[in-house]
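In what follows, a structure is listed as C-alpha cells, so that the remarks can point back to it.
Here, each number is a calculation from the coordinates, and none is a lab measurement. Just so it is clear, the model here is predicted, and its values are computed rather than measured. Positions of Cβ are generated from backbone atoms using ideal geometry, with glycine treated the same way; all protein chains shown enter the neighbour counts.
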Amino acid sequence: MSTAKEIDDINILRASLLAMKRAIDGLDVRPELISVDGQFSPETDLKVRTIIKGDQSNENIMAASILAKVYRDNYMKELDKSVPEYGFKQHKGYPTKMHLEALESYGITLEHRLSFKPVRNINESIR
C-alpha cells in the first residue's frame, strides 16, 4: 500500500509501483513469475510479465484485483470508525456527492490526496 502523501509526492503510477514492490518484497515465497496489470512493472529481481488490461484477461490478475478491492473496502470501513463524518464505509473514498460535501464541511484528512483535483480545489478554497 502507498500513502496519500507518497502519491502526492511521486505520482499515482510510481506510488502504485512502489506498493507492488513492497508486496513482492513481503512475500514468504518467491514466485517464478509476477504478472502485472498494465504496461509498467515494479523494481524487482524476479521475472515480470506486464499485461495491458490484464484484469480482463488473466485469471491471476483478476483474482488479485478482487483481493485488492476487498482489502481497500475493509480499510475504508476501518477508517470510517475514526472519521465517521466522511462516510468512508458508504462510498469507499470515491468522489461521490456525499464525499465532496463532507470535504467541504470538514476539510481534508491525511488520507486525502492533495493531487486529486476535487481535493486540491477544496483545499485551495479553504486557504
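Helix 97-106: angle to the longest alpha-carbon principal axis of the chain, degrees 0 to 90, nearest 10?
For helix 97-106, the angle is close to 60 degrees.
So if we plug the beta-carbon distance of A68 and R120 into 1/(1 + (r/R0)^6) with R0 = 35 Å, what FRET efficiency do we get, rounded to 0.05?
The computed FRET efficiency comes out at 0.90.
Between the helical axis of 117-126 and the dominant principal axis of the chain, each derived from Cα atoms, what acute angle in degrees is found, rounded to the nearest 10?
That works out to roughly 30 degrees.
Any idea how far the Cα center of region 27-62 sits from the one of region 72-115, in Å?
30
Let me see the pair-distance distribution of region 1-66: every alpha carbon pair, 10 Å bin width, integer percents in order.
Percent of Cα pairs in each bin: 21, 51, 27, 1.
For a 20 Å ceiling on Cα separation, which of these pairs sit above it: K21/K92; K77/K97; K77/K117; K5/K117; K53/K89?
Where the Cα-Cα span goes over 20 Å, the pairs concerned are K21/K92; K77/K117; K53/K89.
Considering the dipole of region 4-126 built from charges on the beta carbon (Lys and Arg +1, Asp and Glu -1) around the Cα centre, which of N123, G107, N60 is farthest to its positive end?
After comparing all options, I get N60.
On a 0 to 90° scale, report how tilted helix 12-25 is relative to the longest principal axis of the chain, with both axes built from alpha carbons and the result rounded to the nearest 10.
Around 50 degrees separate the two axes.
On average, how much area does the Cα convex hull of region 4-126 cover when viewed from any direction, in nm²?
Its average projected convex-hull area is 8.7 nm².
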